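What follows is a single structure, written as structure tokens, with notes after it.
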Amino acid sequence: MTNRSLPAVAVLVIAAALTAACGDDAEDRRAAPSAAPASTPAAVPSSGPAEAPAVTPTRPAPPAASPTGAGPVAPSAGGATERRPASPPLVKLPARPTGTPGARQVVDAFKAAGLKVPNPRDRSVECGPDGLGLGCSELIATDAVTVYVFPDETSASEIAETWGGQSFRRGTVVLNYLEAKTPTADRARYEKVLTGLR
């Protein structure tokens, strides 16, 4: 028996049950002609395939949300759900050498000396492979100057040479003026404060 013939069989079974139940009342109806005739079931075709019921199109369900809030959970090949990480893995940056001022400390010293350091932003993540890949330990950018701290003087020296006249190096700390376009007259003041920190 196929799925298409199931509705027709169901209608036939219901019709047979109704006929059997109403058969006992047939004699009563003959005796009382004024009684209303019993309703008859809809005509059922005796042969041929039954029509399939109308199927309403359905939309696929949206992907389930991850309980961690990391976005949809994608099914994996094995049928189990695959959880995506909530955030990218943290980049481990090289440590700042002991005794070297940190980038934040340098920016604070500039501010204490009355130098402009507007809009300071910690962009240390850009030191890693997903950013600029410079291998620095710390990076603080301001609208006046950008402060880089490297894990060793060799790395700091190489970067300062690459940036040419647009930078100043003192030990492992490099000041970069490329993005900020700091006036030349002001650069000497930043460099003097940095030199005094060592």
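The values are calculated or read from the model by the stated rules, or taken from the named source; none is laboratory data. What you see is a predicted model; the values in this text were computed from it and never measured. All accessible areas refer to the heavy atoms of the entire protein, side chains included, with ligands and DNA or RNA removed. Shrake-Rupley method; radii C 1.70, N 1.55, O 1.52, S 1.80 Å.
Can you list residues whose amide H is under 5 Å from V145's amide H, if they're 5+ apart or on another chain and H is modeled 1.01 Å from N?
Here nothing satisfies the definition.
Might you tell me the accessible area per residue for segment 104-176, computed with a 1.4 Å probe and given in Å²?
On a per-residue basis, segment 104-176 sits at 46 Å².
Roughly to the nearest percent, how much of the accessible area of segment 105-198 is carbon and sulfur, given a 1.4 Å probe?
Looking at segment 105-198 in its full context, I get 49 percent from C and S.
Compute the length gained on full extension between E158 and D186: take 0.36 nm times their separation in residues and subtract their Cα-Cα distance, giving the result in nm to one decimal.
Using 0.36 nm per residue and subtracting the Cα-Cα distance, I get 7.7 nm.
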